[in-house]
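Novice: Supplied in structure tokens, the structure appears directly below.
The values are calculated or read from the model by the stated rules, or taken from the named source; none is laboratory data. For clarity, every value in this text was computed on a predicted model and none was experimentally measured. For neighbour counting, all protein chains shown are included, and Cβ atoms are generated from backbone atoms with ideal geometry for every residue, glycine included.
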């Protein structure tokens with residue numbers, strides 16, 4: 001099983017330009033709303049037509065602009081699951097599951113396939129009910145059963161949990177485990193949730209403004225990000241602009257400080273990343289130690305997040321703005337610090353001054 005995609009599609013100010021390949025694996029698409037994740041899946045399914053390029057699934061050409069090939073969605077036989085499941089309200093559960101099975105399949109075989117998929121997803125006895133008579137979780141299982149019953153060449157899921165609360169989402173995610181275990185081939189999974197993508201995907205593509213910035217394993221994405229987009233999508237709260245200041249030094253203009261790094265700094269460095277939980281409390285001056293003022297604090301169940309302003313900004317650095325002037329500029333000039341409420345040396349309090357250290361061995365440097 002394989003997938004090859006190299007397509008472009010323009011919508012005036014926005015252009016989708018993606019190229020990637022996949023095998024028997026689950027590939028996640030991670031990015032902000034409107035970045036082109038769903039559009040890529042719709043092009044593969046044949047719902048949208050690229051302006052140019054080529055799409056090949058399991059050796060079969062779905063689309064080739066130069067050769068004039070553009071198979072219909074029915075000919076492509078893909079399975080695309082949207083967040084609202086798109087069940088047919090006037091059909092029974094059994095008929096919904098059977099809807100994707102080819103008309104050339106004999107009736108006895110169709111019934112066998114439907115029965116097997118209902119059994120797989122714990123829906124035995126629900127075959128004669130209608131979607132309106134089912135819970136949200138049961139509707140999702142019907143949609144997943146329909147996907148497998150169609151025997152598609154590729155599975156694609158477009159943010160199937162985005163409208164669910166955390167508790168229900170955790171329960172329904174187990175349905176996907178059954179789906180993925182039963183399918184041998186390429187699975188594409190669109191999400192904007194890094195933890196969700198890490199749970200399900202063998203590799204993750206970071207998408208920004210219609211382009212894939214990088215595609216890698218979840219471990220590499222979190223621990224060895226290669227782009228500013230990956231830094232931010234992987235949950236790194238601190239990602240200021242960085243400028244080369246030496247082989248192991250970078251200047252951070254918006255913070256007004258220089259930081260030392262264990263990693264050698266590339267001359268074309270673009271951005272520095274440091275996770276909010278990696279910061280350390282310091283006793284006073286020292287390498288990578290900074291005097292800061294706690295300007296804001298906010299609490300979650302187990303952690304406190306502190307917004308830290310640098311007190312001793314370097315000469316020539318722009319003055320820090322007040323919080324009432326420009327909120328985004330204000331936030332970008334601050335360091336986020338996430339502290340466990342269980343720590344023994346006390347929690348940072350709004351208004352106090354203290355010292356923090358940025359560990360040089362836990363810094364990310366990216367060039368794009």
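Novice: Scan region 14-39 and report the pairs whose first residue is on the phi > 0 side of the Ramachandran plot and surrounded by 14 or more Cβ atoms within 10 Å (Cβ to Cβ) and whose second residue is at pLDDT below 95 and part of a loop (DSSP other than H, G, I, E, B), with Cβ atoms within less than 6 Å and a gap of 6+ or a chain change.
Specialist: 36/210
Novice: Also: Spot the failing condition for residue 199; the list is (1) at pLDDT below 90; (2) within 19 Å of residue 35 (Cβ to Cβ), and only one is missed.
Specialist: The one condition residue 199 does not meet is (2).
Novice: Say whether the condition of being surrounded by fewer than 20 Cβ atoms within 10 Å (Cβ to Cβ) and touching a residue at least 40 places away in the same chain (Cβ under 8 Å) is met by at least one residue in region 62-69. Let's see the steps before the verdict.
Specialist: Here is the first cut: in region 62-69, the residues surrounded by fewer than 20 Cβ atoms within 10 Å (Cβ to Cβ) are 64-69.
When the remaining residues are screened for being touching a residue at least 40 places away in the same chain (Cβ under 8 Å), the result is none.
No: region 62-69 contains no residue that is surrounded by fewer than 20 Cβ atoms within 10 Å (Cβ to Cβ) and touching a residue at least 40 places away in the same chain (Cβ under 8 Å).
Novice: Also, quick follow-up: Which residues, counting only those in region 98-127, are in contact with a helix residue (DSSP H, G or I) (Cβ under 7 Å, 6 or more places away or on another chain), in a loop (DSSP other than H, G, I, E, B) and surrounded by 12 or more Cβ atoms within 10 Å (Cβ to Cβ)? Explain how you work it out, then say what you get.
Specialist: First, pick out the residues of region 98-127 that are in contact with a helix residue (DSSP H, G or I) (Cβ under 7 Å, 6 or more places away or on another chain): 98-101, 110, 113-114, 117-118, 120-124, 126-127.
Okay, now just the ones that are also in a loop (DSSP other than H, G, I, E, B), so 99-101, 121-124, 126-127.
Answer for region 98-127, where residues must be in contact with a helix residue (DSSP H, G or I) (Cβ under 7 Å, 6 or more places away or on another chain), in a loop (DSSP other than H, G, I, E, B) and surrounded by 12 or more Cβ atoms within 10 Å (Cβ to Cβ): 99, 100, 101, 121, 122, 123, 126, 127.
Novice: Hey, can you tell me all the residues within region 338-364 that are surrounded by fewer than 12 Cβ atoms within 10 Å (Cβ to Cβ) and under 27 Å from the mean Cα position of the chain (by Cα)?
Specialist: Scanning region 338-364 gives 340, 361.
Novice: Can you find, within region 10-33, the residue that is farthest from residue 78 (Cα to Cα) among those that are part of a loop (DSSP other than H, G, I, E, B) and touching a strand residue (DSSP E or B) at 6+ places or on another chain (Cβ under 8 Å)?
Specialist: Checked region 10-33; the qualifying residue farthest from residue 78 (Cα to Cα) is 32.
Novice: How do the helices (runs of 4 or more DSSP H) wholly within region 169-242 filter down when requiring 3 or more residues that are surrounded by 21 or more Cβ atoms within 10 Å (Cβ to Cβ) and in contact (Cβ under 8 Å) with a residue 40 or more places away in the chain: which remain?
Specialist: Values: elements: 194-200, 218-223, 228-233.
The helices (runs of 4 or more DSSP H) meeting that bar are 228-233.
Novice: Let me ask something else about it. Only strands (runs of 3 or more DSSP E) wholly contained in region 47-97 count here; list those with 2 or more residues that are more than 26 Å from the chain's Cα centre (by Cα).
Specialist: 60-64
Novice: Separate question: Taking region 249-285 only, how many residues are part of a loop (DSSP other than H, G, I, E, B) and more than 24 Å from residue 306 (Cβ to Cβ)? Can you show your working first?
Specialist: To start, the set of residues in region 249-285 that are part of a loop (DSSP other than H, G, I, E, B) comprises 253-256, 261-270, 275-279, 283-285.
Next, from what is left, pick out any that are more than 24 Å from residue 306 (Cβ to Cβ): 262-270.
Of the residues in region 249-285, 9 are part of a loop (DSSP other than H, G, I, E, B) and more than 24 Å from residue 306 (Cβ to Cβ).
Novice: Residues to consider are 335, 331, 279; find the one that is under 27 Å from the mean Cα position of the chain (by Cα), at pLDDT below 90, surrounded by 11 or more Cβ atoms within 10 Å (Cβ to Cβ) and under 23 Å from residue 242 (Cα atoms).
Specialist: Values: 335 fails: at pLDDT below 90; 279 fails: at pLDDT below 90.
Sole residue among the options that is under 27 Å from the mean Cα position of the chain (by Cα), at pLDDT below 90, surrounded by 11 or more Cβ atoms within 10 Å (Cβ to Cβ) and under 23 Å from residue 242 (Cα atoms): 331.
Novice: Restricting region 287-312 to residues that are assigned to a loop (DSSP other than H, G, I, E, B) and touching a strand residue (DSSP E or B) at 6+ places or on another chain (Cβ under 7 Å), which is nearest to residue 353 (Cα to Cα)?
Specialist: Step one: filter region 287-312 for residues assigned to a loop (DSSP other than H, G, I, E, B), giving 287-288, 300-302, 311-312.
This time we only want the ones that are touching a strand residue (DSSP E or B) at 6+ places or on another chain (Cβ under 7 Å), so: 287-288, 302, 311-312.
Numbers: 287: 18, 288: 17, 302: 23, 311: 9, 312: 11 Å.
Result: 311.
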